[in-house]
Amino acid sequence: MTTLALRLSGVQIGGASIFWGMPKLVGPGNICARLSVGTYCGFNARAYFELEDTITIGDHVAVGQDVMFLTAAYDTSDPARRAKPKGSAPIEVGNGAWLGARCTIMPGVKIGAGSVIGASVVVANDVPPNMLLMGSRRVSIAKWR
Amino acid sequence: MDRDAPKPTGWKKVKTLLQEETQGIHPRLMALNAVGKLLPGGRATLARAQLFSLAGFRIGRGTRFVSSPVINGGAALFSNLVIGDDCVIDTGCVFDLEERITLADRVTLSPGVMLLTSTHELDIREHRAGPVQLAPVTIGEGAWLGARCVILPGVTIGAGAIVNPGSVVNKDVLAQTRVGGMPATQLEVLAGPGEARA
């Protein structure tokens, strides 16, 4: 039902993708048009999409509870105001990726196909395909089938 | 969801779709959340715990809730949460009740603690989150879980253990130890009951 409501409001969602619980979509203007989701994705409760820029999710992606996608970038060079808005950057999540509960995806990040992000990880840099991130550790799981 | 299963058609499709859409509806849970909104927040109260036992959860005496935790789970949701006596559950906790979550006596959950009981098998590269795997979570007597920590499925936390704020616990924690980090590692051995404080 949630997925249907999102589709009706203009979010591009591929076949067999499911949202368990309504995600939060925030941002200026036509936010629904900036989110696109592929086929066979699963989103657990309370996903949060900050749609200052486009967020593109591939096929077969699984997203855990409380995952945040942030696209608003900030300039921190001014000591009088550290959080100065500095445009936005898009997020891309590759096919087959799995994002664990409570992880945060920062602006401009590209997550490669088949990567796994552990619970509570903050992803600030691009992730190559087939990597496992847990805490501050990075392990390649390319050999895993 | 089984990707390889043949897609149902016609009446069967309508039936499975209806089943999928309605299995997440728990009238008792909805009533519980609605009444819970009327109760005062900001203070640990016995009244909210009473409300939870009324709804069908097994909750011990003297347990207090500051606000209603977020609860999700399948059909067996009400029998899957067991809370002992004199526990304190702070704001914004998440109980994933696909499997059994057991809190022993005198357990304290700080704000935003997440107890998870469902995960996935690591699958092929085209679809990393494979079939769903369930495992129970058990918290021992007198343990204290710091703010915003995440307890992953299958973890048992020993009696008198302390989990530092923000840590992610992916394996069992021994009794009377302090753990922290991502993934959580042992930082300190604490004095047990009857032992002198080091």
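All of the numbers you see were taken from the coordinates with simple rules; none came from a lab. Model, not experiment: these values are computed from the prediction. Note that each Cβ is placed from the backbone with ideal geometry, even for glycine, and that neighbours are counted across all protein chains shown.
Along its three principal directions, the equivalent ellipsoid of the range B:41-177 from the Cα gyration tensor extends over semi-axes of 25, 18, 13 Å, largest first. Most simply put, the protein assembly as shown has about 20% antiparallel DSSP beta bridges, counting only bridges with both residues inside it. Size descriptor for the range A:12-122, Kirkwood hydrodynamic radius: 14.1 Å (Cα pairs only, one decimal).
Restriction of the GluC sites (Glu not before Pro) in the range B:134-198 to DSSP coil positions whose beta-carbon has at most 14 other beta-carbons within 10 angstrom yields B:E195.
Annotation: the antiparallel percentage among DSSP beta bridges lying fully within the range B:107-198 is about 40. Mind checking which lysines have their Cα closer than 22 Å to the Cα of A:K24? Skip sequence neighbours fewer than 8 apart in that chain. Result set, ordered by chain and number: A:K110, B:K37. Across every pair of non-identical alpha carbons in the protein assembly as shown, the mean reciprocal distance, once inverted, gives a Kirkwood radius of 21.5 Å. Straight-line reach from B:K15: taking Cα to Cα under 19 Å and skipping same-chain neighbours fewer than 8 places apart, the aspartates and glutamates in range are B:D2. Once the Cα atoms are used to define both axes, helix B:10-22 deviates from the longest principal axis of chain B by about 20 degrees.
Per-residue shielding of B:124-136, expressed as the average number of other chain Cβ atoms within 10 Å of the residue Cβ, stands at 6. Charge tally around B:D90: other residues with Cβ under 14 Å, Lys/Arg +1 each, Asp/Glu -1 each, net +4. Within the shell defined by Cβ-Cβ distances under 14 Å, the residues around A:P90 carry a net charge of -3, with Lys and Arg each +1 and Asp and Glu each -1.
Within the shell defined by Cβ-Cβ distances under 13 Å, the residues around B:S110 carry a net charge of 0, with Lys and Arg each +1 and Asp and Glu each -1. Contact order, relative form, for chain B: 11 percent (alpha carbon pairs under 8 Å, 6 or more residues apart, mean separation divided by residue count).
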